[in-house]
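Visitor: Quick one: the structure is below, and I'll ask about it shortly.
The values are calculated or read from the model by the stated rules, or taken from the named source; none is laboratory data. Since the model is a prediction, treat every value here as computed from it, not as a measurement. Reconstructed Cβ throughout: ideal geometry from the backbone, glycine too, with neighbour counts over all protein chains shown.
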There are 2 protein chains.
Amino acid sequence: MNNIKERFPSLSNDFLTVLETESNVANFSRGEIIMQAGSYIRNTVLVLKGLLKIYREDDEGNEFFLYYLQPGQACAISMICASKQEKSEITAKVIEDTELLTIPFGKIEKWMQEFPTWNQFVLDTYRSRFEEVLQVVDSIAFHSMDERLEFYLKRHFEQCDCMDLEITHQTIASELSTSREVISRLLKKMEQRGMIRLHRNYIQLLDGFITQ
Amino acid sequence: MNNIKERFPSLSNDFLTVLETESNVANFSRGEIIMQAGSYIRNTVLVLKGLLKIYREDDEGNEFFLYYLQPGQACAISMICASKQEKSEITAKVIEDTELLTIPFGKIEKWMQEFPTWNQFVLDTYRSRFEEVLQVVDSIAFHSMDERLEFYLKRHFEQCDCMDLEITHQTIASELSTSREVISRLLKKMEQRGMIRLHRNYIQLLDGFITQ
DNA sequence: TGTTGCAAGTGATATTTGTCACAACATATA
DNA sequence: TATATGTTGTGACAAATATCACTTGCAACA
């Protein structure tokens, strides 16, 4: 409960009491998949601890990266799907061991009418994710792969707030929906420009990478 | 007022009374631009009559098509921008002479707490547009230009619910963020496959175009 | 130490998409 | 009818991206 309050400071005390009794805590470890594209979503999740990555998935199982989900955040898409009782077309992967609060279908709407702070939280969630997805649209609609790769790396480095990003070229390639060779070559160019240094299984951020 | 009620049947009568007194009606004719990327949005719009197209715009003025806005619908992105008092990065163009209801900034949230039907309407707007934008992401992330073009045409023919689509290759090209020549060639191929017939300034839908 | 399994580097080549130049055609208007 | 303007068709070529085949290198571990 203290944990919940800490992570979601905008929510009122009376709502937190209700939330605590009517939601469940679930734990997942690195590598697990929480929502699988194609399955029905019956719950919405709030993140208490850890880190998730949200993907859009197509019929062939390709996974296109949309955004990170951090503690204190909720998955907008799972809210939408849950409210419509529709099949999910997204996948959520656990990046760091994660503790989730799962909210059963139907509660979201009911609580919105009863608790203004929850109402505001849901709206903010929709809004911020909508904006983030629009930025993703910008990146694919208006930019070529080298710029998209920079945008991708920027988001990842910002997220981990560190100088080393543990990821393979193959993973980057599938999350940007291109091939490994293309990513390897573009990364090589970035290394030559002094933006990053390449290693096995991780990429090191150099000062040359202007994050503005 | 009768018009409003007709177009937005889900909204309660008491809310419609408030809406009528506190919003303004505005008329626009074909070709006009209602929201320009880069300018601040102070109003949210509900569509009473006509037809709008919503675009995402980049710094160079390229316009990437996101979705249509019909009578009975509201612009989700303008709601988001208005609520954050942020610059818009979208453009709205009038396709058919349009009558809009403009709602001043600040009212949206206030009314959400007072009127459940309005609350529901705003949520539904966010949800359906979010989903539509995710489909757009799918189309650019997972598909090549010929498939994207089919998806684009499908949406346009569904919208007008007719067999003739009045549009130039150049317009299609910029709305898909590619070049006119590419579109002309792909359209030619679709014509050869018996899906469409090409004319000056319009494209004719044939039965070969399976809209499923 | 040697083997194995990934990850990454790289050349060659195919395909897709973008760009340029210009011709052909339709439509409106003088 | 002649002219101007915008739309479409098309060849040639450039650039970006995709695919294939193979090498190199790193790291775990038998």
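Visitor: Is it true that A:Ser23 is crowded, with 20+ Cβ neighbours inside 10 Å, touching a residue at least 40 places away in the same chain (Cβ under 8 Å) and among the hydroxyl-bearing types (Ser, Thr, Tyr)?
Guide: No; evaluated as a whole, the condition is false for this residue.
Visitor: Let me ask something else. Please identify the pairs in which a residue from region A:131-144 that is more than 9 Å from every other protein chain (Cβ to nearest Cβ) has its Cβ atom under 9 Å from the Cβ atom of a residue that is polar (S, T, N, Q) and away from DNA strand C (no atom under 14 Å from the Cβ), counting only partners at least 6 apart or on another chain.
Guide: The qualifying pairs do not exist here.
Visitor: So B:Gly106 passes all but one of these: (1) more than 21 Å from B:Asn27 (Cβ to Cβ); (2) in contact (Cβ under 8 Å) with a residue 60 or more places away in the chain; (3) not charged (D, E, K, R). Which condition number does it fail?
Guide: The number of the failed condition is (2).
Visitor: I've got another one for you. Which one of these does A:Phe64 not meet: (1) crowded, with 21+ Cβ neighbours inside 10 Å; (2) at pLDDT below 95?
Guide: Of the numbered conditions (1) crowded, with 21+ Cβ neighbours inside 10 Å; (2) at pLDDT below 95, the odd one out for A:Phe64 is (2).
Visitor: Mind counting the residues in region B:69-124 that are small (Gly, Ala, Ser), touching a Leu at 6+ places or on another chain (Cβ under 7 Å) and either surrounded by fewer than 21 Cβ atoms within 10 Å (Cβ to Cβ) or within 14 Å of another protein chain (Cβ to nearest Cβ) (or both)?
Guide: Result for region B:69-124: 1.
Visitor: Another question about this same structure. May I ask you to list the residues in region B:182-212 that are among the charged types (D, E, K, R) and away from DNA strand D (no atom under 15 Å from the Cβ)?
Guide: Passing the criteria: only B:Asp207.
Visitor: For region A:127-143, state whether one or more residues are within 16 Å of DNA strand C (Cβ to nearest atom) and over 25 Å from B:Arg127 (Cβ atoms).
Guide: yes
Visitor: Right, next: So which of B:Ile196, B:Ile210 is β-branched (Val, Ile, Thr), farther than 23 Å from B:Gln70 by Cα and surrounded by fewer than 14 Cβ atoms within 10 Å (Cβ to Cβ)?
Guide: The conditions single out B:Ile210.
Visitor: Look through region B:149-202, keep the residues that are in contact with a strand residue (DSSP E or B) (Cβ under 8 Å, 6 or more places away or on another chain) and among the β-branched types (Val, Ile, Thr), and return whichever of them is nearest to B:Val137 (Cα to Cα).
Guide: Once the filter is applied, the top-ranked residue is B:Ile167.
Visitor: Hey, could you check region A:163-181 for residues that are without any contact (Cβ under 8 Å) to a residue 24 or more places away in the chain and closer than 22 Å to A:Gly50 by Cβ and say which is nearest to DNA strand D (Cβ to nearest atom)?
Guide: Looking at the filtered set, the residue picked out is A:Ile172.
Visitor: Now, a different point. Taking the conditions exactly as written (in contact with a Leu (Cβ under 7 Å, 6 or more places away or on another chain), in a helix (DSSP H, G or I) and surrounded by 18 or more Cβ atoms within 10 Å (Cβ to Cβ)), does A:Tyr152 satisfy them or not?
Guide: Yes; evaluated as a whole, the condition is true for this residue.
Visitor: Only residues that are at pLDDT 90 or above and crowded, with 19+ Cβ neighbours inside 10 Å: list them for region A:40-52, please.
Guide: Hits for region A:40-52 are A:Val45, A:Leu46, A:Val47, A:Leu48, A:Gly50, A:Leu52.
Visitor: So, one more: Exactly one of (1) touching a Leu at 6+ places or on another chain (Cβ under 6 Å); (2) free of Cβ contacts under 8 Å to residues at least 12 places away in the same chain; (3) farther than 30 Å from B:Arg193 by Cβ is unmet by B:Arg127. Its number?
Guide: Only one criterion is unmet by B:Arg127, namely (1).
Rundown of residues vs (1) among the hydrophobic types (A, V, I, L, M, F, W, C); (2) within 11 Å of DNA strand C (Cβ to nearest atom); (3) touching a helix residue (DSSP H, G or I) at 6+ places or on another chain (Cβ under 8 Å), yes/no style:
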residue: A:Lys107; (1), (2), (3): no, no, yes
residue: A:His169; (1), (2), (3): no, yes, yes
residue: A:Glu175; (1), (2), (3): no, no, yes
residue: A:Asn201; (1), (2), (3): no, yes, no
